[in-house]
Amino acid sequence: MKILVTGGAGFIGSAVCRRLVGVEDVEVINLDKLTYAGDLRSLDTVAGSNRYAFVQADVADAAAVRAVFEVHRPDAVMHLAAESHVDRSINAAGDFVRTNLVGTFVMLEEALRYWRTLPADRAEAFRFLHVSTDEVYGSLGETGAFSEETPYDPRSPYSASKAGSDHLVSAWGHTYGLPVVMSNCSNNYGPYHFPEKLIPLIILNALEGRPLPVYGDGGQIRDWLYVDDHARALSLILREGRVGEKYNVGGRNERTNLQVVEAICDLLDEMAPPLAAPRRDLITHVADRPGHDRRYAIDAGKLETELGWRAEHGFDTGLRATVRWYLDHADWWRPLRERYDGQRLGLRQA
C-alpha cells in the first residue's frame, strides 16, 4: 500500500509517517511545505527507508500536488497539512485560510482528478482521510462530550478554517463521490512537538527556570491524547473506516490547563536537576486568549465500538514519557528554541 501523507514533517504527521513506515511496512510519500513547525529531523528513524519519500511542496500549489499524484500514484491520502496554533491564527488568520481552506480544496480537486483515472478496483479501494480537530465543535459546558453529530460552532480563526475544510471534504464526498473519511481529534501531546504548544512550552520553560504562563485562571479543560495513540487510530480509520463517515478520536483524559502545568512542574522536580524553589512557584497567570474556549471533551465511542480502537496511554504515564523524551532530546528542541523562544502570541483583539 502506498499512502500520500500531507504535513508529514509536522507533529502528528511525523508520528503517522513513523508508524506507517516503521511499524506497518507501508510505503509513504510525505508532502510538506516545511513551515516553521515542520522538521525533517522528526523523521530520522524512517528517512533512510526505501519505503519513504519526501516532497517539499505546498498543498495550496495545484501543479505541485498534481505532479505528486501523477509520479507516485498513491492508493490513499492522509491529509494532515494544516496551520494549527490558535494563538497564531489570531495574529495571522490569512495563513490559516490559505493552508487549511485553499489547501484542502486543492487536495480534494487533485485527488478527485487522479481518482477518476484509476481502474475500477483501485478506485474502489482508494480513500481520502481528512484529519481535523475537536475545536470545530466550539465550547462545552461543565458536562457532556462532543460526538460526531455535535453541530459545528467554531470560535477562533483556526477552528473556523478547519470547520470550513471539513465541510469541503464532506461536500466532495456527497457531490462528486470521492471516497472520503474524516476524523476529529482532541489535544495531542508527546515527542517532537513544536514548543509553542502548552505542554512542550511548559516543559522547556520549567526546565530552564523561566516563568510558566497560564492563560486566565487556568481552568480551561482539554481532553489529552498521546500522539502515538492518534497515529494508530488514523491508520485504522483509513483502512477500516466507512466511506462518508467521521470518527472522533479522544484519550478520555480531561485536565484543566493548570492541572497540566502543575503536573509538569512536579515531574521535572522529580526527574530534572532541582531549582532553588519548587517549579510550581514559576506559574504566572497572564491575560487570557481572546475568545478562549472553556472546555472540550471527546466521545470516542464510535471509534471504539466500530473499529475496536482504545487509547493505550493514560495521561499520567504519557506525560511522564513526554517529559522524559524532552529531557533526553535537547539536541532536537534546542535549535527550535533559538527560532522561537516562547514569546506570547495571539494578543490581537477582535
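Structure data summary
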{"quantity": "For the range 296-308, 3J(HN,Hα) per residue [Karplus equation, 6.51 cos²θ - 1.76 cosθ + 1.60, θ = phi - 60°, Hz, x = Gly/Pro]", "calculated": "10, 8, 9, 9, 8, x, 5, 5, 5, 6, 6, 10, x"}
{"quantity": "Cα-based equivalent ellipsoid, the range 192-266: semi-axes from gyration tensor eigenvalues, Å", "calculated": "31, 14, 9"}
{"quantity": "Mean projected area in nm² (Cα convex hull; one quarter of hull surface) for the range 12-95", "calculated": "6.0 nm²"}
{"quantity": "Value in Å of the Kirkwood radius, where the range 224-350 supplies the Cα pairs that are averaged", "calculated": "17.7 Å"}
{"quantity": "Inverse of mean 1/r across different Cα pairs in the range 60-181, Kirkwood, Å", "calculated": "15.4 Å"}
{"quantity": "Fraction of the pair-distance distribution of the range 35-78 above 15 Å, Cα-Cα pairs, percent", "calculated": "55 percent"}
{"quantity": "Principal semi-axes in Å for the range 111-264 [√(5λ), Cα gyration tensor, largest first]", "calculated": "34, 17, 13"}
{"quantity": "Neighbour-count ranking [beta-carbon atoms within 10 angstrom, fewest first] of I90, I264, I199", "calculated": "I90, I199, I264"}
{"quantity": "Cα gyration tensor shape of the range 252-308, rounded if a/c is under 1.5, else prolate or oblate by comparing a/b with b/c", "calculated": "oblate"}
{"quantity": "Charge dipole (the range 106-244, unit charges on Cβ, about Cα centre) - positive-most of I221, A163, L236", "calculated": "L236"}
{"quantity": "D153 long-range amide H proximity, modeled H, under 5 Å", "calculated": "Y137, G138"}
{"quantity": "Counting DSSP beta bridges with both ends in the range 201-350, the antiparallel % (nearest 5)", "calculated": "40 percent"}
{"quantity": "Relative contact order (percent, whole number), the range 68-143, Cα cutoff 8 Å, 6+ residue spacing", "calculated": "47 percent"}
{"quantity": "Kirkwood Rh and Cα Rg combined as Rg/Rh, the range 164-224", "calculated": "1.21"}
{"quantity": "Pairs of Cα atoms farther than 20 Å apart, the range 117-197, %", "calculated": "47 percent"}
{"quantity": "Pair-distance profile P(r), taking every C-alpha pair of the chain, with 20 angstrom steps and integer %", "calculated": "31, 60, 9, 0"}
{"quantity": "Sites D266 and A62 - FRET efficiency at Förster radius 51 Å, r taken between beta-carbons, to 0.05", "calculated": "0.55"}
{"quantity": "Integer Hz, Karplus 6.51/-1.76/1.60 couplings in order for the range 7-13, x for Gly and Pro", "calculated": "x, x, 9, x, 4, 6, x"}
{"quantity": "Sequence-distant lysines (8 or more away, or on other chains) whose Cα lies within less than 22 Å of K162", "calculated": "K33, K197, K246, K302"}
{"quantity": "GluC sites (Glu not before Pro) lying in DSSP loop within the range 103-187, provided at most 10 other Cβ fall within 10 Å", "calculated": "E142, E149"}
{"quantity": "Nonlocal amide H pairs with L31, under 5 Å, H built at 1.01 Å", "calculated": "V5, T6, G7, G8, V55"}
{"quantity": "Gain in span if fully extended, L40 to A120, counting 0.36 nm per residue against the direct Cα distance", "calculated": "25.2 nm"}
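Read-outs throughout are calculated quantities, based only on the coordinates presented, and are distinct from any laboratory measurement. These numbers come from a predicted model, not from an experiment. Backbone-built Cβ (ideal geometry, glycine too); neighbour counts: all protein chains shown.
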